[in-house]
Amino acid sequence: MKAALISLGSKSSLMTSEAMKKYFDQVGSLELKKIEIRLGKESGIFYEGKPLENYDCVYVKGSFRYANLLCSIASMLEGKVSYMPIPSGTFTTVHNKLLTHLVMQQLNIPMPRTYLSSTIETAKELLKRVNYPIVMKFPEGTQGKGVMFADSISSASSLLDALGALNQPFIIQEYIDTSGTDIRALVVGEKVVAAMKRKAQTEEKRANIHAGGKGVPVQLSRDIANLAIATAKALKADICGVDILEGPTGPLVIEANISPGLQGLMEVTNIDLPDQIARFLHQKTEEHVNAVKKTVSDKVMKELETDGSGEVTQEVITQLLFRGERILLPEWVTRMCHFSEQKEYAVRSKKGKVEIEEMK
């Protein structure tokens, strides 16, 4: 099977593509910035000016700055690739914190109280009703960037004036006091493969490793692990970093990341995360490829049953399954031909061709 990882070339991505080589027959490590989308008569995905090769698995990841491109790539690959861990719509949702919170709200994922205001004037009215401190952040951004804190209405109003000058939408969120700690859980498929508790530096409220936070390994409770998995499922992401606060009323999700960095979590937990991801990608791709083969096989058998005679010639393009130096025939072949261990067969072969005939 062939796989490709399309990314910005971070160390985490390079480690993952290298790990994928242990499981896939061929792996392409493709730079996102060299991808071109063409629409119209020559529609398609092009890499370095050439049509993108066919792959069984494509893992697309990258910064929120490339959300539209990431979504376009995934959208054009859907239906042509056996498996992708991140579907097209998820790039639009998760790379926008507001849309992320809306999805979590719809699916009852617990999160801090969150507010969105259309104008600075209405936001200032809102500031009179909220409890302080509060968090103010831009819908787009990762690694704690674009996150601000205000401990009073005066400081929040000053931030609002600055945000108004930038002419950008923003989110107001209640501040959950956890003494500067949060939890990062990495969800791969149906389980949390690694987790750490992050502690912010003195005078810093953001616990992100990129903001100077320090991480320690943590054994998640069942409730928190299930919450991380439920969040990834709600966002339809098979590979997802989920940030959780342990609030006084229970765990709350504050953010999700579909292009999570692996280095900090690996250093803290000593878990080979690229291998965990690569093995999962191979497993899911194999499941999808086999499901397609089974669909083809079932279709052929149904046609045979409809015909009733079994004397028709059926041709299907498929890969051969080997066990050592032996070839295992697909189920539909043995059923159609009525092969049996009690009978003898004449086998004729030449390069690229095999004929099997029952001896009368």
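What follows is calculated from the coordinates using simple rules that are stated; it is not laboratory data. Values in this document were obtained by computation on a predicted structure and should not be read as measured data. So basically every Cβ, Gly included, is an ideal-geometry build from the backbone, and we count neighbours across all protein chains shown.
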Checklist entry - Cβ under 13 Å from SER221's Cβ, SER221 left aside: what net charge do those residues give with Lys, Arg +1 and Asp, Glu -1? => result 0
Next on the checklist: Neighbour counts of other C-beta atoms within 10 Å: give me PHE149, PHE64 arranged from fewest to most.
Outcome noted: PHE149, PHE64
Checklist entry - Expressed as a whole number of Å, what is the distance separating the alpha-carbon centroids of region 257-280 and region 1-56? => result 20
Item to check | Peptide ranges 170-180, 1-11 listed from the most packed, as the mean C-beta count within 10 angstrom indicates | outcome: 1-11, 170-180
Checklist outcome for this item: Expressed in angstrom, Rg and Dmax over the Cα atoms of region 2-94 are 12.5, 38
Checklist entry - Given the pairs LYS21/LYS41; LYS34/LYS61; LYS233/LYS284; LYS61/LYS137; LYS50/LYS350; LYS22/LYS284, which are separated by over 25 angstrom at their Cα positions? => result LYS21/LYS41; LYS50/LYS350
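Could you sort 274-282, 95-103 so that the peptide with the highest average Cβ count within 10 Å comes first and the rest follow in order?
The most tightly packed comes first, giving 274-282, 95-103.
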Checklist entry - Can you list residues whose amide H is under 5 Å from THR181's amide H, if they're 5+ apart or on another chain and H is modeled 1.01 Å from N? => result ALA200
